[in-house]
Each structure stands twice: as structure tokens, then as C-alpha cells.
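Student: This structure is in C-alpha cells; I'll ask about it shortly.
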Amino acid sequence: MRFPKNHRPPGRREARRGGVLILSLVTVGVIAMLSVAFLQLSASITRRQVGAVDTKLSFYLAEAGLSESYSGIMIGKTGAIGSEAAPAILGEGLLWVEATELDAEHVELRATGMAKGGRATLGMVVRKGKVNLGSLGVFSEDDLIIEGGTVIDGYDSSLGTYDDQKAADPASVQQGMVGSNGDVTVDASLGATTVLGDVRPGPTGALISVGTPTITGATIGNALVVQLDPVEMPDGTPLPGFTHAAGAPLVVASGTYQAEYLHLQANSEATLQGPLRLALDGLRIDPGAELVLDTSGGPIELLLSDHLDVDAAALLTTTGDDASQVTINIAGEATVEVESAGPFYGLIYAPETSVLLASGFELFGGVVAQQLTMAAGAQLHYDRNLLLAGADDALPKVLSWRIIELPLDAVGSTGGNPFDTLGVDPTTLEAPAQSHQDQWLDLAYIPRTSGVETDYNGLESAFDWNDVQTVVSLERDGGLVEEDVVRIAADGGLGFTP
Amino acid sequence: MRPGPVRRARAGFTLIEALIALSLVAIVVVKITLVMSSASDASAKQSAAMTLEDQARRVLDQIAYAIMSADREALFPDPESPNYSTEVTYRISLGVDSGEVIWSDEEAIGLGVRGNQVVWRQNPGMPEERRVAWCNVVRPFMEGEIPNGADDNDNGLADEEGLSFTLLRNSVTIRLCLERPQKDGSTLTEPVETVVTVRN
């Protein structure tokens, strides 16, 4: 049998082709295995990195929640924003803030942010803003009586001395501020009484003029009752009291001290050097004695719990003319009688006791007391620069910030779309600024449109603040939970009472 | 009938043919092996770099979250550029009780004794000290830095080590540099840096 020249048996051709195929398959297989292994590693690392990014996004969302909440507290809201059932939406994530009142002064905030597969919770404790004592001027918790012959005006120590400002422009000292939570009586029956500035009685109080006093400023009442915080004396055992007799001057150097009393006997002299915080049960300055508050090195704070007694022939003076550098805080029901002539630059704060300022006393700064009596001839020059000095205290203060560790089984902490996880529809959610917890508002105000005093009792969300020209009185009742809202609506709430 | 030539033609490869074929196969196999080995090395190096970067980021975040919660007044030491510290001690807020902030026990984050570890310690220096190593591949010096008393890498610090803290007011700059030796004798280096603000 003859075969063609190039003929090869079929079996042998298949065998040689199969060898190449196997080699190729092995090569492809190895490459595929390497690729799969690399892809798995990359995917695992990418998952971790994406997880870290999602956690950071959630962290920033929670921080945004805390920030919005803080802003709300600044303007009288509760601090609560949304809820887990109805969170606020921000970008591709969502957030809510729970607010819990720890006590009258402190609010605990818990902000949760969820973004993609991450969840983070942050905690913050805020001390609510205090009253800016520097804004009150001459103020009393109870009714305030200004007797005949008294002069109250105001200036701004940051622009120069009182005398310079008055000499340059007498109208510039018409910045006095007189206020009370009750009535303010300005009595001019026994002599000319002058208030160059505003007189503001309490929300339910009135301005009572006896005779024809001079009042140059506004006389509309305060919208809110001013809450005066009590003075807290420091803990610890005080040093024994000290009586200083005439002779070499006594110098109390900078620092923090606590003693039972300081008694400056007749014709003695003492200097307190700032920065100084001196807590005493009592301070007594006898006739001819002088107590100098030297603020050239820093501020001085005197805390008194029992008595402040400055004789008419004694001197209580300050070296500087910046009223924000000297504060006399009086705790409890101490007796306060300042008969010295002054001048004295500083702020006297006695929220739980009565203060008597005698006829010759001249104060540059401010005085806030439960009950204030100004004898005829007393002169009070309110320093508006105290407004700035007390501005920090007026803002809410962050006391504590922390990251709250989530339990392993916390909802959303294991990934997944947060909207699906919480079962919420993103199109129905509001932005954080629109998600503050609603409050019941009890408001008396003068609208821009009518100019006639009007009352509003209802949810704040239903009230249009744009129409408010002046607030006469305002009260918020704190947060309302959903059941309350339903109940109020059912009772025909959301009322608007002209 | 002449069957002889036909039998020779069907007998298979000649020796030369077989040798050529084997040589070609060997060349192809060697080439494939080289390519695959090179790909595998590149892949391993790449994944090692990713792992190191991931590790550096995680450790940096861990340090940053701890310092964020710290009390500024209790953050110690208080170095400002060009000085730096390789350890910070701090305490974190646990909340507020009766108006007073509750602070944690003292904690510290810094380089361990071996110099290549980031170590977190609770109650440092006390008998009840607890310590956890967060990482053990810290580079002796920051990338680009050699111990010559000069600022070689132009970051404002001279001879800074693989972990450094610089504080300016309420902000803490954290710099961390990790390194991991490779099979081929090379070294992977991953420098990371962040600035955090102390919240308390």
C-alpha cells in the first residue's frame, strides 16, 4: 500500500495537538489561580478600606449632628434632632441626635451618623449658656427702687474713661441699663432722679414713675425672666481669719486663697494683687482703712459668704478702670453694705441677698442683686464693655466630647444601605436644620404687620418668626414627644390667639 | 512491492526533531515561568504595599481617635515644632456627673522599648499598667530622614523617629512611618500623617 508523501496517521496528529492544549490549559489555569488569589486579597483590602472610609463618613455625619444640635441649644431648642425612626438626611447618609437633660444646666447629646456601610456614635455634654451678667447693668431679682437724687448712666470703657467720654460728648454716656424681674420704681419725689439709658421691668412687672424722673432710653419690659445662678463657694477648709491693724500695709499676693475673714481695722491699709481668687466668709473695712484691688497683674475675684461691710469713711478702690477685672460675688444671704465713696470699678453680684449702696458710692461697672437699694446721691455708671467680658459664659459650653463604642450587634454597624437598614425612605427625610425637635411656644409679641401685641400658643414649627418685630414675653416648654403632638393636635392645638 | 521507505516515513520523529521540539518546549516553559514568577512577585509586592498602607492608616486612625477625645489640659508633653515627642500621655472624657467631667485613667501612646512598636498603655508607669502593641513595624526614622541633626525631609522636624507628635494649640500632628522588609531584600515604606483637634 502506498501513502501520499505528507500523509500522517490521524492518531499521531491528535496526540501532538493534545500536548499543546494541555500545556496551554495548565498555563491558563495557573494564571487564573494567581489572578483569583490576587483579586481576593485586593477585594479583602478594598473592603477594609471602604469600611474605614464609611466609618469616617459616619463619624463626620455624627459630628455634623452635634454641631447642628449645639446651634439649636444656642437659640433655645432642646438639641434633639430627628430620631432613629425618622432621622435627618445629609448627603448620602443620615443622622439623628438624642438629647437628655442631666439637670437644669446640663444636656447630654448622643449623635449617630450612618453612611453606606458605616455607623458612628458620638457623645457630648453641654452646659447651657448662662446669663451674661455684663449685659444686665443695674439689675435686681425683686422689685427695684431707685430713690431721688440717684444718677444712672453708662459708657464704654474700651473707648476711654467715663470723664473723657462725657466731656467729649455728653450724649455718649446715655448707655445706662436698669432692669428687674419685677417692677422698677423710679422715685423723683425727693430729688431729681436721672436714668440716662434703658429701664426694663420684668415680663410681668411695670415701670412706676413717682414724680417726674428723667429716663432717656427704652422702657419696654424684658421678654424673659432672668435666671440668676447662685454663687458657689469653694470647698475646703478655710484658713483662720485675719485682722490687720494700722501700720505696715498688708499685701496679699496673687493666687487662690480661702480664709474665714479679713478685717481691716481703722487706718490700716491692704492691697490685693491680681490675678487673685480670694474666698472669705466676711470682709470688713473700718473707718480710715483702705483696701486697694491691684489689677495690674490680672483680674481679682472676691467671694463672700457672710458679710461685706465697708464703712462710709473707708476706701474700697481699684487701681485700674477696667470693670471686667474685678468681681465681687456674694453667696447666700450675706449682709452687704457699701457706704464707701469709691470710685469703684467692677461688678458686684449678689443673687440671693440685698445690697445697699450708700449715697456717696460711685460705681463704674454693674451691680446685680436680689434686692437693690440705692440711696439718694449714689452714682452708677454702667460699663458696656462688660457685655464682651461676659459673652463667653452666655454661650453653651462643651464640657465633654467622646466617641461612644457601639455594641457589636448595633443596627447598621455591620454594613448595608442605612436607609434600607432603618427602613426609611430618603425622599421623606428632612435636612438636619429642619429636624430639630418641636417645642411648645408660649409667646407674646408685636407683629410687623399689625403692630398690635399678639399671643401665640402652639408648636414652634407652626409659627412664622418672620412676622415678629418685638418679643414681649417668651417661654418654651422643652421637647415634645410624638404622642404629645398627636394629643395637642387632637385637642385642637396649634392655636393662634390674636 | 517496496515497503521499506514507507516504514521509515511512519517511524516518528528523528532525534533532531525531538531535540528541537524539547528545546522549544523548554524555552517556552522557562519564559512562562519567568513571566509568571515576575507577575507573582509584582502581585506579592503590590499586595504587601496595600497591606502596609492599610495597616498604617488603621493605626493612624486608632491614634487619632484616641487623641481627639483627650483633655487638652492633660495632654503631655506639650511640644511645638521643631520639637516633637515620640509619646503622648492623656486622659479622655467618660462623661459628666453632677456637672463635673469624669476623666479616664491616664493613657499613653508612643514607641515601645524595641523602637519599632506603637504601644498603647493604660496607667503608664504604675503597677497596674496595661499595654497593647498596636503595630510592630515602625521605621526607626521618618521617610527621608537620617540621624544627622538636620531636617532632611523638610517637614519642620529634625531626625524625627517613625512615630512623632507635634502639638500647636489644640491641634496635634501625628506622623507615622511603617516599613516591612521583602523577600528580595528591598523594603517597603509607608509614611502617613494626619492632624487632629483635641475636642475636650
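Student: What about A:Glu92, is it more than 12 Å from chain B (Cβ to nearest Cβ), under 29 Å from A:Asp425 (Cβ atoms) and without any contact (Cβ under 8 Å) to a residue 40 or more places away in the chain?
Tutor: On the way: more than 12 Å from chain B (Cβ to nearest Cβ): yes; under 29 Å from A:Asp425 (Cβ atoms): yes; without any contact (Cβ under 8 Å) to a residue 40 or more places away in the chain: yes.
Against the criterion (more than 12 Å from chain B (Cβ to nearest Cβ), under 29 Å from A:Asp425 (Cβ atoms) and without any contact (Cβ under 8 Å) to a residue 40 or more places away in the chain), A:Glu92 qualifies.
Student: Consider A:Leu25 carefully, then state whether it is modelled with pLDDT of 75 or more, more than 10 Å from every other protein chain (Cβ to nearest Cβ) and either within 57 Å of the chain's Cα centre (by Cα) or not in a helix (DSSP H, G or I) (or both).
Tutor: On the way: modelled with pLDDT of 75 or more: yes; more than 10 Å from every other protein chain (Cβ to nearest Cβ): yes; either within 57 Å of the chain's Cα centre (by Cα) or not in a helix (DSSP H, G or I) (or both): no.
When the stated conditions are applied, A:Leu25 does not pass them.
Student: Could you please find all residues in the stretch A:232-283 being hydroxyl-bearing (Ser, Thr, Tyr) and at pLDDT below 90? I'd like the intermediate steps shown before the answer.
Tutor: Taking the stretch A:232-283 as the starting set, the residues that turn out to be hydroxyl-bearing (Ser, Thr, Tyr) are A:237, A:243, A:254, A:256-257, A:261, A:268, A:271.
The one that is hydroxyl-bearing (Ser, Thr, Tyr) and at pLDDT below 90: A:Thr237.
Student: So, one more: I want to confirm something. Restricting to the stretch A:110-129 and keeping residues that are of a type in the set (A, V, I, L, M) and away from chain B (no Cβ under 11 Å), which single residue is nearest to B:Arg199 (Cα to Cα)? Don't jump to the end; show me each part of the working.
Tutor: Let us first name the residues in the stretch A:110-129 that are of a type in the set (A, V, I, L, M), namely A:111, A:114-115, A:120, A:122, A:124-126.
Those still in the list that are away from chain B (no Cβ under 11 Å) too: A:111, A:114-115.
On the way: A:Ala111: 15, A:Met114: 21, A:Ala115: 23 Å.
This residue is A:Ala111.
Student: When residues of the stretch A:47-88 are filtered for being modelled with pLDDT of 90 or more, under 12 Å from A:Pro432 (Cβ atoms) and polar (S, T, N, Q), how many remain?
Tutor: Matching residues across the stretch A:47-88 total 2.
Here's the yes/no breakdown for (1) within 11 Å of chain A (Cβ to nearest Cβ); (2) modelled with pLDDT under 80:
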position	(1), (2)
B:Arg10	yes, yes
B:Ala18	no, no
B:Ala21	yes, no
B:Ile27	no, no
B:Leu34	no, no
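Student: Of all residues in the stretch A:303-333, which are hydroxyl-bearing (Ser, Thr, Tyr) and over 21 Å from A:Asp286 (Cβ atoms)?
Tutor: Start the filter on the stretch A:303-333 by keeping residues that are hydroxyl-bearing (Ser, Thr, Tyr), which leaves A:305, A:317-319, A:324, A:327.
The answer is A:Thr319, A:Ser324, A:Thr327.
Student: For the stretch A:158-234, which strands (runs of 3 or more DSSP E) that fit wholly inside it have 3 or more residues that are touching a strand residue (DSSP E or B) at 6+ places or on another chain (Cβ under 7 Å) and not aliphatic (A, V, I, L, M)? Before you say what the answer is, go through the steps one by one.
Tutor: Details: elements: A:176-180, A:184-187, A:197-200, A:207-210.
Those strands (runs of 3 or more DSSP E) span A:176-180, A:197-200.
Student: Related question: Of the numbered conditions (1) modelled with pLDDT of 90 or more; (2) closer than 18 Å to B:Gln62 by Cα, B:Glu129 satisfies every one except a single condition; which is it?
Tutor: Of the numbered conditions (1) modelled with pLDDT of 90 or more; (2) closer than 18 Å to B:Gln62 by Cα, the odd one out for B:Glu129 is (2).
Student: Hand me the list of strands (runs of 3 or more DSSP E) wholly inside the stretch B:89-172 holding 1 or more residues that are among the small types (Gly, Ala, Ser). Full working, then the answer.
Tutor: Numbers: elements: B:93-97, B:100-103, B:107-111, B:118-122, B:130-135, B:163-168.
Fully inside the stretch B:89-172 and qualifying: B:93-97, B:107-111, B:130-135, B:163-168.
Student: Another one. Say we look at the stretch A:121-141 and pick out the residues that are surrounded by fewer than 21 Cβ atoms within 10 Å (Cβ to Cβ) and touching a Gly at 6+ places or on another chain (Cβ under 9 Å); which of these is nearest to B:Gly99 (Cα to Cα)? So that I can check it myself, show each step before the final result.
Tutor: Taking the stretch A:121-141 first, the residues surrounded by fewer than 21 Cβ atoms within 10 Å (Cβ to Cβ) are A:127-132, A:135.
Okay, now just the ones that are also touching a Gly at 6+ places or on another chain (Cβ under 9 Å), so A:127, A:130-132, A:135.
Details: A:Arg127: 8, A:Lys130: 14, A:Val131: 17, A:Asn132: 20, A:Ser135: 25 Å.
The extreme case among them is A:Arg127.
Student: Listed residues A:Leu41, A:Leu66, A:Leu57; which is within 14 Å of chain B (Cβ to nearest Cβ), assigned to a helix (DSSP H, G or I), more than 26 Å from the chain's Cα centre (by Cα) and buried (at least 20 other Cβ atoms within 10 Å of the Cβ)? Full working, then the answer.
Tutor: Details: A:Leu41 fails: buried (at least 20 other Cβ atoms within 10 Å of the Cβ); A:Leu66 fails: more than 26 Å from the chain's Cα centre (by Cα).
Going through A:Leu41, A:Leu66, A:Leu57 in turn, the sole match is A:Leu57.
Yes or no, residue by residue, for (1) surrounded by fewer than 16 Cβ atoms within 10 Å (Cβ to Cβ); (2) within 30 Å of A:Glu301 (Cα to Cα):
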residue: A:Asp183; (1), (2): no, no
residue: A:Ser189; (1), (2): yes, no
residue: A:Thr193; (1), (2): no, no
residue: A:Pro213; (1), (2): no, no
residue: A:Thr219; (1), (2): no, no
residue: A:Asp229; (1), (2): yes, yes
residue: A:Ala245; (1), (2): yes, yes
residue: A:Asn267; (1), (2): yes, yes
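Student: Moving to a separate point now. Determine which member of the set A:Glu260, A:Glu290 is surrounded by fewer than 18 Cβ atoms within 10 Å (Cβ to Cβ), closer than 21 Å to A:Leu357 by Cβ and either touching a residue at least 12 places away in the same chain (Cβ under 8 Å) or more than 33 Å from the chain's Cα centre (by Cα) (or both). Quick ask: steps written out before the conclusion?
Tutor: Details: A:Glu260 fails: closer than 21 Å to A:Leu357 by Cβ.
On inspection, the qualifying residue turns out to be A:Glu290.
Student: Still on this model: May I ask you to verify whether A:Met114 is within 22 Å of A:Gly416 (Cβ to Cβ) and part of a strand (DSSP E or B)? Don't jump to the end; show me each part of the working.
Tutor: Values: within 22 Å of A:Gly416 (Cβ to Cβ): yes; part of a strand (DSSP E or B): yes.
For A:Met114, the condition - within 22 Å of A:Gly416 (Cβ to Cβ) and part of a strand (DSSP E or B) - is met.
Student: Do we have any residue at all in the stretch B:64-78 that's within 9 Å of chain A (Cβ to nearest Cβ), among the polar types (S, T, N, Q), farther than 21 Å from B:Arg114 by Cβ and assigned to a loop (DSSP other than H, G, I, E, B)?
Tutor: yes
Student: Now, a different point. If the Cβ limit is 6 Å and pairs must be 6+ apart or interchain, which residue in the stretch B:103-118 that is under 13 Å from B:Glu161 (Cα atoms) pairs with which residue that is among the aromatic types (Phe, Trp, Tyr)?
Tutor: Qualifying pairs under 6 Å: B:Val118/B:Trp134.
Student: Filter the stretch A:81-105 down to the residues that are surrounded by 19 or more Cβ atoms within 10 Å (Cβ to Cβ) and within 25 Å of the chain's Cα centre (by Cα), then identify the one that is farthest from A:Phe419 (Cα to Cα).
Tutor: Narrowing the stretch A:81-105 to residues surrounded by 19 or more Cβ atoms within 10 Å (Cβ to Cβ): A:81-82, A:87-90, A:93-99.
Filter again for within 25 Å of the chain's Cα centre (by Cα), leaving A:81-82, A:88, A:95-99.
Working: A:Ile81: 17, A:Gly82: 14, A:Ala88: 11, A:Leu95: 11, A:Trp96: 13, A:Val97: 17, A:Glu98: 19, A:Ala99: 22 Å.
Out of the qualifying residues, it is A:Ala99.
Student: A further question on this structure: Name, by its number, the condition in (1) touching a Leu at 6+ places or on another chain (Cβ under 9 Å); (2) within 14 Å of chain B (Cβ to nearest Cβ); (3) modelled with pLDDT under 85 that does not hold for A:Ala104.
Tutor: The single condition A:Ala104 does not satisfy is (1).
Student: Something else about it: Scanning for something closer than 14 Å to A:Val138 by Cα, of a type in the set (Gly, Ala, Ser) and modelled with pLDDT of 85 or more, does the stretch A:372-390 turn up at least one residue?
Tutor: No.
Student: How about the stretch A:351-365: which of its residues are in contact (Cβ under 8 Å) with a residue 60 or more places away in the chain and either out of contact with any Asp or Glu (no Cβ under 9 Å at 6 or more places or on another chain) or closer than 12 Å to A:Val138 by Cα (or both)? Steps first, answer last, please.
Tutor: Just the residues of the stretch A:351-365 that are in contact (Cβ under 8 Å) with a residue 60 or more places away in the chain, to begin with: A:351-352, A:359, A:364.
Within the stretch A:351-365, just A:Phe364 meets the criteria.
Student: For the list (1) over 18 Å from the mean Cα position of the chain (by Cα); (2) buried (at least 18 other Cβ atoms within 10 Å of the Cβ); (3) in contact (Cβ under 8 Å) with a residue 24 or more places away in the chain; (4) over 30 Å from A:Phe59 (Cα atoms), I need the number of the one condition that A:Ser158 fails.
Tutor: Going through (1) over 18 Å from the mean Cα position of the chain (by Cα); (2) buried (at least 18 other Cβ atoms within 10 Å of the Cβ); (3) in contact (Cβ under 8 Å) with a residue 24 or more places away in the chain; (4) over 30 Å from A:Phe59 (Cα atoms) one by one, A:Ser158 breaks only (2).
The values are calculated or read from the model by the stated rules, or taken from the named source; none is laboratory data. Please read all numbers here as calculations on a predicted model, not as lab measurements. Reconstructed Cβ throughout: ideal geometry from the backbone, glycine too, with neighbour counts over all protein chains shown.
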